[in-house]
Amino acid sequence: MSMNVTKAVFSRKSTRGFLKKSISNSLIKELLCKASRSPSGGNLQPWRIFVINKKIMNLFLEFQENHPDFDEPEYDIYPPNLIDPYRSSRYKLGEDMYSLLGIPREDKMGRLEQAAKNFNFFDAPAGLFCFIDKRMGPPQWSDLGMFLQTFMLLAQEQGVATCAQECWSLKHQMVKKFIGADKNLMLFCGMAIGYEDKKNLINKLSSSREPLDTWVEFIK
Ligand SMILES: Cc1cc2nc3c(=O)[nH]c(=O)nc-3n(C[C@H](O)[C@H](O)[C@H](O)COP(=O)(O)O)c2cc1C
């Protein structure tokens, strides 16, 4: 498939249902290596990535079963009092997702079960855990974000689907213990990686975007 940047940007989406098909470590390595061409202030390259794939994924999921507790995240996933229009965007995404799946607001268990699929990497064969040194500040977090988007677009070019997952920050202690991460590292997010299950209804979700005039102003 020929791909250009616009195509990659428009076809990438958060994939929440994967095929059992495996992905090779060499392909993941190639994507990471290319993604490291992302810019970063002062060329600090502050991303620290751990890959779990193949039998390590099975071991990880088993380890998680024995460590079911949730942690207080090390950072606020959202600001404590999310204001509009951000609040409405977040609400809309949730409502669009659950109405697509036919899980009404009253079905708390159904919604929880869907959310819990995050912790199975949505059945993806591989996953990343993306860390940043705790001594880094907002500019370096932004660098990490750029790295992640570059990775996701490069993956898209190879027909590889992804979903960034902040939810893993709710399990940062377990993740750190499993991978043996340095105490100075903070888990920002995970990322599911693999091949999209096109038959899975959840992947029909199409997220909207705020109109341009909400967030851009051409000064006259
Ligand atoms: C840093 C980051 C963390 C995210 N965490 C989660 C997550 O934990 N679970 C999830 O289902 N989606 C997660 N998402 C996906 C967002 O919901 C998604 O990017 C947004 O709704 C826009 O949809 P799109 O990615 O399909 O364009 C995350 C996205 C980003 C960038």
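The values are calculated or read from the model by the stated rules, or taken from the named source; none is laboratory data. A quick note: this is a predicted structure, and the numbers were derived from the prediction, not measured. In this analysis, Cβ positions are derived from the backbone assuming ideal geometry, glycine residues included, and neighbour counts consider all displayed protein chains. In case anyone asks, the SASA skips ligands and DNA or RNA and just uses the protein heavy atoms, side chains included. Shrake-Rupley method; radii C 1.70, N 1.55, O 1.52, S 1.80 Å.
A compact table of results
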read-out: One residue from Met146, Met136, Met109 being closer than 19 Å to Pro39 by Cβ, open to solvent by 50 Å² or more (accessible area, probe 1.4 Å) and either away from the ligand (no atom under 12 Å from the Cβ) or modelled with pLDDT under 95 (or both); value: Met136
read-out: Hits in the range 1-28 (condition: without any contact (Cβ under 8 Å) to a residue 12 or more places away in the chain and not small (Gly, Ala, Ser)); value: Asn4, Thr6, Lys7, Phe10
read-out: Single residue of the range 157-169 satisfying the filter (open to solvent by less than 50 Å² (accessible area, probe 1.4 Å) and out of contact with any strand residue (DSSP E or B) (no Cβ under 7 Å at 6 or more places or on another chain)) that is nearest to the ligand (Cβ to nearest atom); value: Cys167
read-out: Selection status of Ser99, in a helix (DSSP H, G or I), open to solvent by 80 Å² or more (accessible area, probe 1.4 Å) and over 27 Å from Lys176 (Cβ atoms); value: yes
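Here's the yes/no breakdown for (1) free of Cβ contacts under 8 Å to residues at least 40 places away in the same chain; (2) farther than 20 Å from Leu201 by Cα; (3) touching a helix residue (DSSP H, G or I) at 6+ places or on another chain (Cβ under 7 Å):
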{"position": "Lys108", "(1), (2), (3)": "yes, no, no"}
{"position": "Leu112", "(1), (2), (3)": "yes, no, no"}
{"position": "Ala115", "(1), (2), (3)": "no, no, no"}
{"position": "Asp143", "(1), (2), (3)": "no, yes, yes"}
{"position": "Phe147", "(1), (2), (3)": "no, yes, yes"}
{"position": "Thr150", "(1), (2), (3)": "no, yes, yes"}
